[in-house]
Amino acid sequence: MWNRLAPWTLVLLIAAPSAAQQATPSVLSIDSATSVDFTTDATNDTRATGVFLDSLIVGDFGHNIEAIVRPQVQRLANSGEWNRQIWVAEMRYERAGPVALRLEGGYIPSPIGLANLTLRPQANPTIALPAELFTSIPSLEIRGPRINLLSGIYPLGAQATVSSTHWDTRVAVIDTSPLRLRRVFGSTNPRFTNVTIGGGVTPFVGFRIGASLTHGGWMKAGESPAGTEDRDANLVTIEAELAFRHTSLGGEWVNDALDTSFGTRHASGWYLQGAQALAPRWFVAGRVERIDTTLPLPTAPEQDFRSGEATLGFRFTPEITLRGSYRTRQLFGRDTWDHLGAVSLVWYRRWM
Amino acid sequence: MIFSARNAVLLAVAIAGLSVMTSTNPAAQEPGSVRGRVSIGIPVTMKRATSTYSRSVPTVTLAPESELRHVVVYVKDAPKTAVQPVRAQIHQRNENFVPRVVAVTVGSTVEFPNDDPIYHNVFSLSRTKTFDLGRFPKGKSRGERFDKAGIVKVFCQIHSHMAATVMVFDHPWFAIADEQGEFDLSGVPPGMHQITAWHERLGETTLPLRVEPGHAATIDFVLPVPAQP
């Protein structure tokens with residue numbers, strides 16, 4: 001009996017009061033994504049299994065106010081450890097219109113760059129994520145903290161966005177350096193005030209080019225033997241997206257300028273990715289990327305990271321996708337290339 | 001002469017008699033019709049649009065829709081019949097498929113014009129029809145022909161809350177209810193039939209109905225009808 005009534009009871013509970021003959025947007029929106037990735041490193045003869053589960057829950061409070069939460073659980077492929085995070089927990093006001101406005105505060109999606117918007121497995125055309133987000137680069141300060149070119153962060157902060165059909169602009173204040181990893185449940189999160197301004201233009205539908213500038217601290221005094229004072233960094237990103245017919249392309253260029261005991265040191269990188277639908281169920285995708293940085297020595301010897309990935313995907317249903325990929329990469333300080341194969345099963349469901 | 005004048009007269013009388021016999025009961029082959037009204041007894045929700053991972057703020061809000069326009073009534077046990085193809089449209093408007101349900105005959109083409117100032121995509125992985133029309137901007141339209149009867153669920157890759165249904169029939173006895181929920185199936189063969197009212201989230205409800213020659217049979221639906229124990 002309950003089995004029959006439960007779905008209708010749920011519908012009644014979540015439905016806004018209205019005439020029964022009209023559909024109204026649901027009060028809650030929930031979607032979930034899960035991926036299971038098997039990776040084989042043929043060069044080093046290692047195997048790893050990664051699992052990723054998350055849900056994006058949006059609740060409507062009326063008056064254009066929403067609460068958004070994105071809990072996430074991840075089994076790290078290399079260590080096997082389970083990592084629990086809340087990547088978004090924010091309140092948002094959104095006013096639609098020719099000149100639309102969004103105000104948000106809390107743990108907000110990163111206001112910087114393009115890669116941070118493709119972290120969910122169903123939004124990422126390849127299996128590996130852009131290396132700039134999770135691949136540590138050699139420290140630019142003597143025995144200083146490791147950083148990423150651009151971390152996959154969900155900072156505590158506030159952001160205002162104003163956009164129209166052909167342009168968008170935003171300003172954000174966040175409590176985390178975009179170069180440093182931050183974990184919501186971590187106890188040693190380094191906190192720095194950073195300010196981001198960004199914007200983009202959309203000259204025609206399907207093409208957007210944007211940029212952002214972020215300024216703020218990246219290292220506290222004492223985090224390095226040479227660091228006797230707080231250090232700042234400037235981060236510039238330029239991103240572009242182009243989509244047409246069965247093709248989508250995207251790319252990003254990032255440049256970090258860090259105050260160090262050697263003066264200003266730079267790290268930069270870029271990636272270019274694309275996806276092409278071959279048939280309703282089949283698609284191919286790929287990404288090439290590079291990160292250039294220097295070692296923390298007076299002569300600043302250069303090091304780089306390079307990677308390329310090619311992916312073939314098959315969509316069983318609109319919710320289930322199987323992907324296989326070949327990836328090759330040259331890590332910092334290495335002359336040789338690693339060769340990796342990976343298989344990934346992605347399940348994505350929009351519940352309501 | 002084998003075929004004599006007498007035989008010719010007898011044959012003429014027989015033909016005339018046969019024609020009289022058939023003409024005395026013209027309603028025996030006359031089709032009937034099925035009329036009625038559909039109503040929905042519970043609130044129906046649609047998926048919310050979300051823009052958590054977008055640098056732009058949406059310029060539109062979803063408008064409430066009449067759910068009665070999304071109910072398809074049809075003769076479930078109808079025999080396969082030759083049908084005329086038609087052309088139908090499902091607009092992409094305000095990040096929604098409008099209408100969200102169309103019903104067409106086999107061989108028909110459905111056009112998908114994009115009225116929004118953003119890209120949309122139209123695809124389906126249904127067994128009845130698998131296709132991907134790719135992305136196309138405002139003012140553009142792409143069409144797909146449906147050559148097999150069945151249900152085709154249509155989605156937009158870019159906006160996960162967008163969904164539509166194309167119901168393809170190999171007979172002409174189907175109709176979409178109007179704003180008042182009223183429907184009219186004409187030319188239905190006489191006899192006992194299973195009449196189904198279908199809604200994408202409320203499921204299908206099927207009731208038996210006898211259609212008398214030359215008469216309109218009436219049937220009303222209140223959706224959803226709980227399953228019988």
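Just so you know, all these numbers are worked out from the coordinates, no wet-lab data involved. What you are looking at is a predicted structure, and each value in this text was computed from that prediction instead of being measured. Methodologically, a virtual Cβ is constructed for each residue, glycine included, from the backbone with ideal geometry; neighbour enumeration extends over all protein chains shown.
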Practice task
Please say if the protein assembly as shown is rounded, prolate or oblate, where rounded means a/c under 1.5 for a ≥ b ≥ c the square roots of the C-alpha gyration tensor eigenvalues, and otherwise the choice is prolate for a/b larger than b/c and oblate otherwise?
Solution key: prolate
Problem - Length added when fully stretched, A:Ser55-A:Gln330, from 0.36 nm per residue minus Cα-Cα - result: 95.6 nm
Handout entry: Nearby aspartates and glutamates by direct alpha-carbon distance to A:Lys220 (threshold 20 angstrom, same-chain neighbours under 8 apart not counted)
Key = A:Glu141, A:Asp175, A:Glu229, A:Asp230, A:Asp232, A:Asp256, A:Asp259
Completion exercise
Taking B:Thr165, A:Thr169 and counting other beta carbon atoms within 10 angstrom, the fewest-first order is A:Thr169, B:Thr165
Exercise for the section: Take the Cβ-Cβ distance between A:Trp351 and A:Thr264 as r, set R0 to 45 Å, and report the resulting FRET efficiency rounded to the nearest 0.05. Expected result: 0.40
Handout entry: Helix-only mean residue ellipticity at 222 nm for the protein assembly as shown, each DSSP H run of n ≥ 4 adding -39500 (n - 2.57), per residue, nearest 500
Key = -2000 deg cm²/dmol
Problem - For the stretch A:169-182, 3J(HN,Hα) per residue [Karplus equation, 6.51 cos²θ - 1.76 cosθ + 1.60, θ = phi - 60°, Hz, x = Gly/Pro] - result: 8, 8, 9, 9, 10, 10, 9, 9, 6, x, 8, 10, 5, 9
Completion exercise
Under the 7 Å Cα-to-Cβ spin-label approximation, A:Ile320 and B:Thr218 lie apart by a distance in nanometres of 4.8 nm
Practice task
Multiply the residue separation of A:Leu213 and A:Ala42 by 0.36 nm, subtract the distance between their alpha-carbon atoms, and state the gained length in nm to one decimal.
Solution key: 57.6 nm
Completion exercise
Taking every residue of B:36-48, the Cβ atoms of other protein chains inside 10 Å of its Cβ average out to 6
Handout entry: Sorted by Cβ neighbour density within 10 Å, fewest at the top, the residues B:Lys138, B:Lys129
Key = B:Lys138, B:Lys129
Problem - Inter-label distance for A:Val236 and A:Gln74, nm, one decimal - labels placed 7 Å from Cα along Cα-to-Cβ - result: 2.9 nm
Fill in the blank from the handout: Once the in-chain neighbours fewer than 8 apart are removed, the aspartates and glutamates whose Cα is under 18 Å from B:Lys148 read B:Asp77, B:Glu111, B:Asp132, B:Asp170
Practice task
Can you tell me the FRET efficiency between A:Thr299 and A:Glu229 if r is taken as the Cβ-Cβ distance and R0 is 22 Å, rounded to the nearest 0.05?
Solution key: 0.40
Practice task
Please compute the net charge surrounding A:Trp351, taking Lys and Arg as +1 and Asp and Glu as -1 over other residues with Cβ under 12 Å from its Cβ.
Solution key: +2
Completion exercise
Rounded to 0.05, the calculated FRET efficiency for the beta carbons of B:Asp184 and B:Arg145 at R₀ = 41 Å is 0.90
Completion exercise
Among beta bridges assigned by DSSP with both residues in the stretch B:89-136, the antiparallel ones amount in percent, to the nearest 5, to 80 percent
Problem - Fully extended contour minus Cα-Cα distance, from A:Arg245 to A:Thr169, at 0.36 nm per residue - result: 24.7 nm
Practice task
Using a 10 Å cut-off on Cβ to Cβ distances, tally the other chain neighbours for every residue of A:318-328 and report the average as a whole number.
Solution key: 1
Practice task
Treat the count of other C-beta atoms within 10 Å as a stand-in for reagent exposure and order A:Phe262, A:Phe192 from fewest to most.
Solution key: A:Phe262, A:Phe192
